[in-house]
Amino acid sequence: MPAAALSAGVVGGAVMLGADGHAFSFLGEQGSRGLQIEAPAGTPWLIDALFDERSAPSPNSVLNTWEIAGPGTSAIADLLGVLLPAALLVVGAVVWWRRRTLGDALWERPAVRAELLARGALLAVLTTLVFNKVGSPQFMCWLAAPLVVAVALTLPGWRAVGALVLVVAGATQLFFPWFYEGIPGGWVGPTIALVVRNAAVVVLWVLVFAQVARRGVARRPLIDDNVNREASDDGNDRALVAGDPEPQSPQGTRHH
């Protein structure tokens, strides 16, 4: 609520100062723009542009960016406009289902709650990257927040995710800002760096989606949430994060 109130205040203030014609212009501009060269969906044309001039990027002087103008790119850009909200709805449903399987443990076990929150947030961010016709380099910064939370809380099962995020960050740094002009120029090196970045983002999305969707999110021991617990409590946390909505008591019986 505080964030929503602040946003409403900023937008309202801008409108009162005469920005009513521009306050929501980003909605129309984003809807009409083409497939940006950094977008993961543009990767096939990006590779093709190395061999076929028809797929060569062209400048969008209005938005000060580069877009791919190859055969079929307009249809893909329009399709992504539908796929992005649809994918976010699917991801939201998967996270909601996962929350349902955890039951009351989501509120009783801080580590379980933090795990679902961090991984669910990362999945939502990745969805906006994979199914977006815009792939601006600064978007990759969004991956940092969920990962920092997971590392700070020493949540288990994040090693592969962290490694892929580092690959994404490193490849992004290579082509932007250092060698960005080489992509529309058809340079092989920067193009390969962007292709690797996009492939890593897609692989990361598949990995995190599978981790959230399957019953076993992580199977290594959880940190004790900075709270002293008995061994049985720690075992229950492991079972819950591994996908067992009804953890076993130390005697092996179910809690009812």
Exactly one of L116, L27 is closer than 30 Å to P156 by Cα and either modelled with pLDDT under 90 or assigned to a helix (DSSP H, G or I) (or both), and that one is L116
Filter result (outside any helix (DSSP H, G or I) and in contact (Cβ under 8 Å) with a residue 12 or more places away in the chain) within the range 159-212: F179, I183, P184, G186
Residue check, W205 hydrophobic (A, V, I, L, M, F, W, C) and exposed (fewer than 15 other Cβ atoms within 10 Å of the Cβ): no
All positions within the range 65-84 that are β-branched (V, I, T) and part of a helix (DSSP H, G or I): T73, I76, V82
What single numbered condition from (1) buried (at least 21 other Cβ atoms within 10 Å of the Cβ); (2) in contact with a Leu (Cβ under 6 Å, 6 or more places away or on another chain); (3) in a helix (DSSP H, G or I) fails to hold for K133? (3)
Consider the range 40-57. How many of its residues are among the polar types (S, T, N, Q) and touching a residue at least 60 places away in the same chain (Cβ under 8 Å)? 1
V95 vs. criteria within 25 Å of the chain's Cα centre (by Cα), β-branched (V, I, T), in a helix (DSSP H, G or I) and surrounded by 15 or more Cβ atoms within 10 Å (Cβ to Cβ): yes
Which of (1) of a type in the set (K, R); (2) buried (at least 19 other Cβ atoms within 10 Å of the Cβ); (3) without any contact (Cβ under 8 Å) to a residue 24 or more places away in the chain does R113 not meet, given it meets every other one? (2)
Return the only residue of V151, V202, V165 being hydrophobic (A, V, I, L, M, F, W, C) and under 17 Å from T43 (Cα atoms). V202
Subset tally (residues that are of a type in the set (A, V, I, L, M, F, W, C), in contact (Cβ under 8 Å) with a residue 24 or more places away in the chain and out of contact with any Phe, Trp or Tyr (no Cβ under 7 Å at 6 or more places or on another chain)) for the range 148-157: 3
Of (1) surrounded by fewer than 21 Cβ atoms within 10 Å (Cβ to Cβ); (2) part of a helix (DSSP H, G or I), L122 fails just (1)
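The values are calculated or read from the model by the stated rules, or taken from the named source; none is laboratory data. Given the structure is predicted, the values throughout are model-derived calculations rather than measurements. Methodologically, a virtual Cβ is constructed for each residue, glycine included, from the backbone with ideal geometry; neighbour enumeration extends over all protein chains shown.
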